[in-house]
Every structure is written in structure tokens, then in C-alpha cells.
RNA sequence: GGAGGCGUGGCCGAGUGGCUUAAGGCAGCGGCUUGCUAAGCCGUCGUAGGGGAAACUCUACCACAGGUUCAAAUCCUGUCGCCUCCGCCA
């Protein structure tokens with residue numbers, strides 16, 4: 001969420017930034033008068049409260065039940081009523097401001113290119129070579145079924161469309177990828193591993209910006225006899241991990257906090273009917289390794305580059321050809337200031353597909369989740385909001401897809417990337433069972 | 001699932017309607033002192049929102065949300081969390 005004081009102070013600038021992503025809400029400029037009204041309500045309310053406090057102290061010193069005390073009580077009661085009136089007014093205005101801002105996305109960073117859709121994203125670089133085949137490459141769906149490691153029919157029998165069962169070497173490959181990625185980030189990139197709940201409260205989803213705007217995309221466990229409040233299945237580890245230090249004040253010296261988490265992710269995929277219905281690309285449940293940074297504001301840009309590099313390293317170790325895209329203003333997620341997508345080459349689709357998204361959120365999520373730090377070496381300094389960053393490193397299911405498709409052989413078997421063999425009991429090739 | 005208890009500042013802990021702008025201690029921070037030695041002394045020591053050029057000042061916050069009252073950490077209601085015992089359970 002944007003800071004309403006900042007919005008008022010830099011109204012034209014913020015409006016222009018939001019305009020770049022086509023997200024200036026109706027009546028946006030009304031915020032200026034709302035903030036002014038809020039201030040008036042505070043000043044008036046506080047003056048009544050002060051008078052009331054003084055009056056109450058005086059009443060205590062008057063003889064109990066005396067005529068003058070009764071009279072003073074009447075006057076104090078009136079003050080209290082007035083104070084409550086201004087308080088209510090203040091709350092109402094603040095709710096209006098929040099209502100206005102809760103649906104407003106972040107302002108894009110200056111170096112984010114203008115654009116309306118993914119077609120306007122800018123390719124920054126490519127790594128590796130497209131694998132060349134002297135046969136027609138198959139897609140992972142066919143390969144997986146042929147090998148008996150992907151079972152789409154039984155997934156849908158159990159749970160419906162967009163669920164898949166993995167068998168044998170497929171299941172083991174999934175697990176190997178999880179462990180390989182975690183170990184890489186732990187041992188070589190300095191991340192701390194964290195294991196979190198997979199169901200979270202509404203407040204956590206608000207903190208990272210999925211709510212209130214994107215509730216249809218999230219699976220919700222409604223109230224029941226067991227619980228009166230709602231829980232939501234996490235759509236990404238970003239939600240529990242970023243919110244870990246919500247309402248805390250961290251020591252500046254402890255920044256950056258770099259966390260890596262494995263979690264399954266659950267997405268309703270509302271509005272994506274008919275898209276990527278074949279194969280593993282778009283599932284209701286998938287595994288992901290997520291990197292999250294909490295950084296001092298001045299360090300977040302550098303942190304974003306390092307986080308992205310860590311994600312790229314996974315693809316490089318696995319020998320998977322990919323490219324890096326800088327997303328344009330219109331294609332970024334709700335809370336992001338700047339986003340790099342890693343797109344892996346999928347021979348079966350003859351296309352690059354997103355396998356990781358690495359974003360700098362600035363203080364947008366931190367304000368919602370109340371994530372703060374005290375600048376190092378200055379005990380008098382006011383707490384400041386951290387910057388939050390996150391990125392997938394990587395989406396496990398799509399990595400498995402990329403391995404099947406890039407490492408496929410003419411006979412339909414799959415060569416296991418060398419980096420994964422220690423995690424696969426030395427297995428060098430997946431063949432038909 | 002049953003029964004009971006408890007939630008006060010970074011920590012410990014006092015506080016059952018006005019003398020609490022939350023006592024006292026510990027830790028932290030700043031300084032003084034250092035021959036009296038795992039020390040002493042003085043000061044400082046929360047968060048947020050207002051006002052003010054500033055010094056400073058006001059308002060709110062004792063798990064959270066409501067309520068009673070001129071006045072609530074204190075009384076009432078609801079919620080959440082934690083603890084103990086019993087039962088059940090991977």
C-alpha cells in the first residue's frame with residue numbers, strides 16, 4: 001500500500017506512475033481533501049479529550065455527590081460525546097482513505113519500461129543454447145505419460161482438472177529438485193531455511209497484497225465447527241515468509257534477512273479457464289522454492305540483482321536454456337515496483353515460459369504488514385519500513401517440465417542433469433518402466 | 001473433547017475505579033568516577049498519530065474488539081493466544 005502522506009505530497013508524480021500501469025482509480029485526487037479532513041478531525045477530537053481529562057481530574061477532587069460535582073459531570077459528559085463524534089469521523093475518513101489505497105498497486109520504478117502487456121516486456125539476456133534435436137521433440141505431457149511418471153488421468157480422478165499424480169522417477173525427480181534447490185541456496189547463497197504453515201489468516205494475505213483485490217485467485221477454507229475465522233491456502237511461500245516479521249522492529253544490523261522456503265502453492269486459477277490445460281504448466285497445486293529478502297531501502301536494488309542471480313544459478317546448474325525479461329509497467333504484479341521474469345525454453349511448446357518471477361516491492365508490502373527496522377548504530381532513530389523482495393528459485397513443477405523437454409532423447413528417455421544425480425541415487429537416465 | 005488458570009513496557013514484576021504522565025528491578029544506551037576490583041553513581045531508556053521553525057507539547061495504546069462511567073490496566077461482554085490436568089491422537 002502507498003503512504004497517504006507521500007501520495008498527497010507527490011500527487012502528480014504518483015498519479016503519473018500509476019497511469020503507466022493504467023491503474024489510477026476513480027476519484028483518486030479526492031485523497032487530498034480526505035487527508036485534510038482527517039487532520040481537522042484529529043485536532044478537534046484531541047482538544048476535547050484533553051479538556052475531558054482535565055475535567056475528570058477536577059471532578060475527582062470535588063465532594064462526592066455534591067451539586068457542583070453533578071454539574072461538572074454533566075459538562076464532562078458533553079465533552080466526551082463530542083470527542084467520540086470526532087473519533088468516529090476520523091475512523092470513517094481513515095477507512096475511506098484505506099478503501100481508496102488498498103486497491104491501488106505500487107508505482108513502477110523509474111527504469112521499468114512502459115507497456116500494456118507481456119508483449120512489451122524487454123529481453124535483457126539469454127543463457128545457454130537452445131538444445132538441438134534431430135527428431136521432433138515431444139512435450140512433457142507425452143513424455144511423462146510414455147515414461148509412466150506423470151499420471152494426469154488419476155490426478156483428475158482424485159481431485160479434478162489441474163491436479164497431477166507423479167509416479168516413481170517422476171516423484172523422485174520432484175523431491176530431488178526441491179532438495180537440490182534448497183541446498184544450493186543454503187550452502188552457496190547464504191540463505192536461511194524456514195518451514196512455514198501452508199494455511200494463513202486473511203491478514204497475512206493482506207500484508208503481501210493478495211487481498212483484498214485478488215481473493216478469487218486464492219483457495220479459502222471457510223468457517224467450520226472447528227474454526228470461526230477463515231484460513232486460506234497459501235498461493236506462494238511469499239505470503240507466510242514475508243509476513244514472518246510483521247509488527248516487529250528488526251535491528252538494522254540484522255539486515256538483509258535472506259530466507260528460503262520450500263512450500264506447496266495452491267491457486268484457484270480464476271479467469272484462466274482454457275489456458276494451459278494440458279500438462280503440468282498450470283496446476284491448482286505445485287511446489288516452489290521461494291527466496292525472500294528483507295532489505296534496508298538503500299540496499300534493495302542490489303539485493304534484487306543478487307536474488308535474481310541466485311534464481312538464475314539454479315537454471316545454470318541444471319543446464320537449462322533460459323532468458324531474462326524485464327517486465328513492463330502493465331505486466332507487473334500488484335505490489336511490485338520492478339520485476340524480472342526468468343523464462344525457460346520449452347522445446348515441446350517451442351516457446352519460453354515463465355519459471356521464476358523476481359520482484360522488488362519497495363516498502364509497499366512492508367507498510368501493509370508493518371515490517372520495520374531500526375537503522376544500525378542509532379538507538380534514537382525512528383523505525384523505518386524495510387523493503388521486501390521475493391522470487392521463485394524455482395517453480396519446481398515447471399523445472400521438471402523443462403528437464404523433461406530439454407533433456408529428452410529420441411527414444412523418449414530423459415537424461416538426468418548431472419547436478420541432480422546425487423539426489424536421484426546416481427540415476428543417469430529415466431527410461432520407460 | 002472435558003475442567004481449571006493466565007495474558008501489564010525488550011525481560012521480570014507491582015498495580016481491584018480518580019494520588020499511575022504504569023512503581024521497582026534487570027538488560028540496553030550516554031556520561032561520571034575508578035584503587036577498591038564479576039563495582040558504584042547520575043542520566044536516559046516504547047510505539048503510533050497530531051501541533052510546533054525548534055525547545056517542547058498534546059492524544060491514544062496494559063492480548064484484541066466492544067461496553068458501563070465524568071473517569072477503566074482495574075468493572076462487564078465477546079474474541080484470540082498461552083499454561084496445567086484428564087481424554088483422544090500422527
Only unsatisfied item for residue A:157, checking (1) within 29 Å of residue A:312 (Cβ to Cβ); (2) away from RNA strand B (no atom under 16 Å from the Cβ), is (1)
Of those in the stretch A:100-115 that are in contact (Cβ under 8 Å) with a residue 60 or more places away in the chain and surrounded by fewer than 13 Cβ atoms within 10 Å (Cβ to Cβ), the residue farthest from residue A:23 (Cα to Cα) is A:111
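Take residues that are over 21 Å from the mean Cα position of the chain (by Cα) and tell me which of the helices (runs of 4 or more DSSP H) falling wholly in the stretch A:109-222 contain 2 or more.
Those helices (runs of 4 or more DSSP H) span A:140-147, A:152-159, A:168-188.
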Of the residues in the stretch A:227-260, those that are within 28 Å of residue A:282 (Cβ to Cβ) and part of a loop (DSSP other than H, G, I, E, B) come to A:230, A:234, A:235, A:236, A:237
When residue A:364 is run through (1) more than 21 Å from residue A:125 (Cβ to Cβ); (2) in contact with a strand residue (DSSP E or B) (Cβ under 6 Å, 6 or more places away or on another chain), the failure sits at (2)
Of those in the stretch A:43-62 that are near RNA strand B (Cβ under 9 Å from one of its atoms) and within 25 Å of residue A:4 (Cα to Cα), the residue surrounded by the most Cβ atoms within 10 Å (Cβ to Cβ) is A:45
With criteria (1) near RNA strand B (Cβ under 9 Å from one of its atoms); (2) at pLDDT 90 or above; (3) closer than 18 Å to residue A:54 by Cβ, residue A:82 comes up short on (1)
Checked the stretch A:135-159 for anything in contact (Cβ under 8 Å) with a residue 12 or more places away in the chain and either over 21 Å from residue A:411 (Cα atoms) or not assigned by TED's automatic domain parsing to the domain that holds residue A:265 (or both); matches are A:152, A:159
Expected output for the stretch A:59-75 (first residue free of Cβ contacts under 8 Å to residues at least 24 places away in the same chain, partner within 9 Å of RNA strand B (Cβ to nearest atom) and not in a helix (DSSP H, G or I), Cβ below 8 Å, 6+ apart or cross-chain) is A:68/A:62; A:69/A:62; A:72/A:62
From the option list A:178, A:221, single residue qualifying as in the same structural domain as residue A:367 (by TED's automatic domain parsing), at pLDDT below 90 and over 27 Å from residue A:106 (Cα atoms) is A:221
Only one of A:123, A:118, A:153, A:145 is surrounded by fewer than 17 Cβ atoms within 10 Å (Cβ to Cβ) and closer than 30 Å to residue A:28 by Cβ, namely A:118
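Can you tell me which residue among A:7, A:112 is more than 9 Å from RNA strand B (Cβ to nearest atom) and in contact with a strand residue (DSSP E or B) (Cβ under 6 Å, 6 or more places away or on another chain)?
A:112
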Residues in the stretch A:384-420 that are over 17 Å from the mean Cα position of the chain (by Cα), buried (at least 23 other Cβ atoms within 10 Å of the Cβ) and within 16 Å of RNA strand B (Cβ to nearest atom) total 0
Looking at residue A:271, is it away from RNA strand B (no atom under 16 Å from the Cβ), assigned to a loop (DSSP other than H, G, I, E, B) and touching a residue at least 24 places away in the same chain (Cβ under 8 Å)? yes
Note: among A:132, A:109, just one is out of contact with any helix residue (DSSP H, G or I) (no Cβ under 6 Å at 6 or more places or on another chain) and modelled with pLDDT of 95 or more, namely A:109
Selection from the stretch A:337-383 of residues surrounded by fewer than 16 Cβ atoms within 10 Å (Cβ to Cβ) and more than 19 Å from the chain's Cα centre (by Cα) yields A:350, A:351, A:376, A:377, A:378, A:379, A:380, A:381, A:382, A:383
Of the candidates A:22, A:65, A:17, the one satisfying the condition of being at pLDDT 95 or above, more than 7 Å from RNA strand B (Cβ to nearest atom) and not assigned by TED's automatic domain parsing to the domain that holds residue A:339 is A:17
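The values are calculated or read from the model by the stated rules, or taken from the named source; none is laboratory data. What you see is a predicted model; the values in this text were computed from it and never measured. We place every Cβ from the backbone using ideal geometry, glycine too, and count neighbours over all the protein chains shown.
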